[in-house]
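Visitor: Structure below; questions to follow.
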Amino acid sequence: MGRWQELQQAMSAGVEAAIDAGWDCQAVYGLVESAIKDTRFLPLEQAKTAVAELFSEVEEVGSSAYERLFRFSAYRPQEKLSLLLWQLGAVLDQHGMLQLVGPYRFSKTVAPHATFWDLLAKTVQKAYPLGLLGSFNQEKAKKIHQLRMYIDRQNITYIRDFFKQEGDTDEQALKRYVFAAKPQGMGGRKLKKSSARLHNKYPEGASYSLINKKRLTPNFHSEFILNEEGTFVTQWDVLVEDWRGRLISNPAYYQAAKNNEYQEKVLNGESFNYANRNNRTHELLDSSPPGRFDHQLRKTAKKGWLSPRIQEYDYRRERQIKCDDYSK
């Protein structure tokens, strides 16, 4: 058996899985061709192992194999997004919350600065040039909007799983990620500072005193919100899964069990951005859709909570707490 035949055998299961998952010929051919090119100088056994490992990841969104399929595919942007939602098993439940029921899942190793997030964001930008609210298919647009929170979960989990050591705060883990070698870390490229005014909501009638800070990856897509103790402010610390592995989305459950804690984390937490910067695209894809497309839990949590007005927001204090050596 020749080299090509042996490599083909190592790829066969992954190729079949990609075809079954709905990828077009251009996507599968591109993946195969790139795998052969990447391993052309390796000894045969090493090449077979590398190819088999690559093709074992076709069902992991954001993995090298999945990113290549997504990039090489000749599908139009809207078609790519429909395929992604179908592969993830994206459905809206009775409370309007997106549930991902599989069979595909996000790769555990896709980092907050990964090139796949750039690719996905650009695809959303092309698919929705007039924004999500202007889409003819409102159900799909709602799914695309809420998909951001699952990307947030991936980002938070990645930092905690790979960079948080015993006794660390989330902020210390985030700093370790920034200075870790690429591709797992950012290789010393610092995060961006940004105002966290809209991530400092507080209950009506209470005194405004909370100061959270906001950090963004250089491409503007992934963001992290940290409180003064260096802990991530994230809804994923309060959201609960049921016995099926689906998120409990009934607002009554959280109102009874979590009190104000769930509101603070749901309202002030991080939010993945499809835009590349704070511009009109950011408004159309990230800032405006929540009013219509948020799930009922978030809409309920908003009641009685306020964002600090520009006039009252303590920008001076924010500048003081912004001082660190992992962002600029």
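Visitor: Within region 51-67, restricting attention to residues that are β-branched (V, I, T) and at pLDDT 95 or above, which residue is nearest to Q184 (Cα to Cα)?
Guide: Looking at the filtered set, the residue picked out is V61.
Visitor: For G30, are the conditions met, namely being modelled with pLDDT of 90 or more, farther than 15 Å from Q87 by Cα and small (G, A, S)?
Guide: Taking the combined requirement at face value, the residue satisfies it.
Visitor: I've got another one for you. Anything in region 183-217 that is assigned to a strand (DSSP E or B) and closer than 19 Å to F116 by Cα? List them, or say none.
Guide: Passing the criteria: L191, L216.
Visitor: Given the residues Q125, Q99, which is the only one that is more than 14 Å from the chain's Cα centre (by Cα), outside the structural domain of A65 (by TED's automatic domain parsing), crowded, with 16+ Cβ neighbours inside 10 Å and assigned to a helix (DSSP H, G or I)?
Guide: Numbers: Q99 fails: assigned to a helix (DSSP H, G or I).
Within the list Q125, Q99, the selection yields Q125.
Visitor: Ok, one more. Exactly one of (1) aliphatic (A, V, I, L, M); (2) modelled with pLDDT of 95 or more; (3) assigned to a helix (DSSP H, G or I) is unmet by V110. Its number?
Guide: Looking at each condition in turn, V110 falls short on (3).
Visitor: For region 158-176, indicate whether the set of residues that are in contact with a Leu (Cβ under 9 Å, 6 or more places away or on another chain), under 19 Å from V266 (Cα atoms) and of a type in the set (S, T, N, Q) is non-empty.
Guide: No, because not a single residue in region 158-176 is in contact with a Leu (Cβ under 9 Å, 6 or more places away or on another chain), under 19 Å from V266 (Cα atoms) and of a type in the set (S, T, N, Q).
Visitor: Another one. For R153, are the conditions met, namely being in a helix (DSSP H, G or I) and over 27 Å from G30 (Cβ atoms)? Write out each step before concluding.
Guide: Working: in a helix (DSSP H, G or I): yes; over 27 Å from G30 (Cβ atoms): yes.
For R153, the condition - in a helix (DSSP H, G or I) and over 27 Å from G30 (Cβ atoms) - is met.
Visitor: Within region 230-262, track down each residue that is buried (at least 19 other Cβ atoms within 10 Å of the Cβ) and hydrophobic (A, V, I, L, M, F, W, C).
Guide: F232, V233, W236, L239, L247
Visitor: Follow-up question, since we're still on this one. Among the helices (runs of 4 or more DSSP H) contained in region 224-310, which hold 1 or more residues that are farther than 17 Å from L98 by Cα and modelled with pLDDT under 95?
Guide: Of the helices (runs of 4 or more DSSP H) lying wholly inside region 224-310, those with at least 1 residues that are farther than 17 Å from L98 by Cα and modelled with pLDDT under 95 span 251-257, 260-268, 296-302.
Visitor: Further question on the same structure: Which residue out of K80, K48 is modelled with pLDDT under 90 and not small (G, A, S)?
Guide: K48
Visitor: Kindly list the number of the only condition in (1) over 26 Å from Q154 (Cα atoms); (2) within 30 Å of the chain's Cα centre (by Cα) that fails for S63.
Guide: (1)
Visitor: Suppose the filter is β-branched (V, I, T) and touching a Leu at 6+ places or on another chain (Cβ under 8 Å); does T231 pass it?
Guide: Here the answer is no, as T231 does not meet what is asked.
Visitor: Also, I was wondering about something else. Answer yes or no as to whether S222 is closer than 21 Å to H113 by Cα, touching a residue at least 60 places away in the same chain (Cβ under 8 Å) and surrounded by 16 or more Cβ atoms within 10 Å (Cβ to Cβ). Quick ask: steps written out before the conclusion?
Guide: On the way: closer than 21 Å to H113 by Cα: yes; touching a residue at least 60 places away in the same chain (Cβ under 8 Å): yes; surrounded by 16 or more Cβ atoms within 10 Å (Cβ to Cβ): yes.
Answer is yes for this residue.
Visitor: Residues that are basic (K, R) and closer than 30 Å to G188 by Cβ: does region 225-248 have at least one?
Guide: Scanning region 225-248, I find no residue that is basic (K, R) and closer than 30 Å to G188 by Cβ, so the answer is no.
The values are calculated or read from the model by the stated rules, or taken from the named source; none is laboratory data. Note that the structure is a prediction, hence the values are computed from the model and not measured. Glycine gets a Cβ as well: all are built from the backbone with ideal geometry, and neighbour counts include every protein chain shown.
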